[in-house]
Amino acid sequence: MHNKMKSMILLAALLGATGAAQAEESVWTWLGSIWRQNEVNAVSNAAWQEECGSCHFAYQPGLLPTQSWDKLLDAKALEDHFGENAELDADTLKEVQAFAQENAADKSWYKRARKIAKATENGEAPLRITEVRYIKRKHNEIPEKMIKGNKDVKSLSYCDACHTQAKKGVFDEDTVRIPNYPDWED
Ligand code: HEC
Ligand code: HEC
C-alpha cells in the first residue's frame, strides 16, 4: 500500500481510539473528499497556473506520469517546448518541477490519474497527454472534422475546448460539449 495512504489510515485509527471525536470527524471528511474524487487533482500552485496556463490551459500534473514531467520540465527541453520557448527562471522551474513530482499520475489517488498511471506503468513516458493510450482510446471515435477541422477546437490538445470543466480537473463525459456539434453523441 502507498505510504501516504497507510499513514492516513493509521492517523484515523489513532484519532478514533483516543476518542477525539471532532478531529476524527474532520479526518474522515477529508479522507472522504479524497476518495470521492473521480477526476484529477486541480492545479493548486500559482506559478504553475500562471506559467503553464499562458499558452494553453494549465494541464493538471495528474494527467502524466512523473517520468513524462521530468522530460518536459527540463531547462533545455523548455527552450524548445513543442516549437515554442517556454523557459523559466531557475527558482520558478524548481517550484514547477516539485509541484509536478508531488502530483504526477503515479503519485495521485484520483480516478483519472490512476487510469493514466496504469496506462503508462510499463515505463512509457509520452511527452503528450494525447499520446497516453487511455486518453487516445477515449477519443478515437470522435471524427477528425470535429477536432482538427473544427475552428473552435483545432487539436485534441486543447482539452478545455470540449471539456467544460477541464480547469477544475473534471473530464467526465457528462461535462463534454464539442463546439459547433451540439448534438454529437457516440
Ligand atoms: C510559450 C507557450 C507555452 C508555454 C509557456 C507552455 N506551453 Fe505547453 N505547449 C505549448 C504548445 C504550442 C504545445 C503544443 C500544442 C499543440 O500541439 O497543439 C504545448 C503542449 C503541451 C503539452 C502536451 C499536450 C498534449 O498534446 O497532450 C503539455 C503536457 C504541456 N504543453 C505542458 C506545459 C507545462 C507544464 C508548461 C509550464 C511549465 C507549459 N506547457 C508551458 C506552448 C506552451
Ligand atoms: C474535440 C473535443 C475534445 C477534446 C479537445 C478533448 N476531449 Fe476528452 N472527450 C471528448 C469526448 C466527446 C469524450 C467522451 C467520449 C465517449 O463518451 O466515448 C471525451 C472523454 C474524455 C475522458 C473520459 C471521460 C469519461 O467519462 O470516461 C477523459 C479522461 C478525457 N476526455 C480527457 C481529455 C483530455 C485530458 C484532453 C486534452 C488533452 C481532452 N480530453 C480533449 C472530447 C474531447
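Coordinate-derived values only; no laboratory data. Owing to the predicted nature of the structure, the values given are computational and were not obtained by experimental measurement. Here Cβ is always computed from backbone atoms with ideal geometry, including for glycine, and neighbour counts include all displayed protein chains.
Between His81 and Ala86, the built amide H atoms are under 5 Å apart, and every one of these is 5 or more places off in sequence or on another chain. The length gained on full extension between Ala46 and Glu102, counted as 0.36 nm times the residue separation minus their Cα-Cα distance, comes to 18.7 nm.
Local charge for Asp152 was computed over the other residues whose Cβ lies under 13 Å away, with Lys and Arg +1 and Asp and Glu -1, and equals +4. Cross-link pairs exceeding 23 Å between alpha carbons, from the set Lys115/Lys167; Lys115/Lys168; Lys71/Lys118; Lys76/Lys118: Lys76/Lys118.
Tell me, in nm to one decimal, what length is gained between Asp70 and Tyr158 on full extension, where the rule is 0.36 nm per residue of separation less the Cα-Cα distance?
Numbers: separation 88, 0.36 × 88 = 31.68 nm, distance 2.17 nm.
Contour length minus Cα-Cα distance gives 29.5 nm.
What whole number of Å gives the distance from the Cα centroid of region 158-186 to the Cα centroid of region 55-84? If you average the Cα positions of each part, the centres end up 23 Å apart.
If you take the beta carbon distance between Lys94 and Arg133 as r and set R0 to 35 Å, what does 1/(1 + (r/R0)^6) give as a FRET efficiency, to the nearest 0.05? Provide the component values of the computation, followed by the final result.
Values: r = 31 Å, r/R0 = 0.89.
E(calc), rounded to 0.05, equals 0.65.
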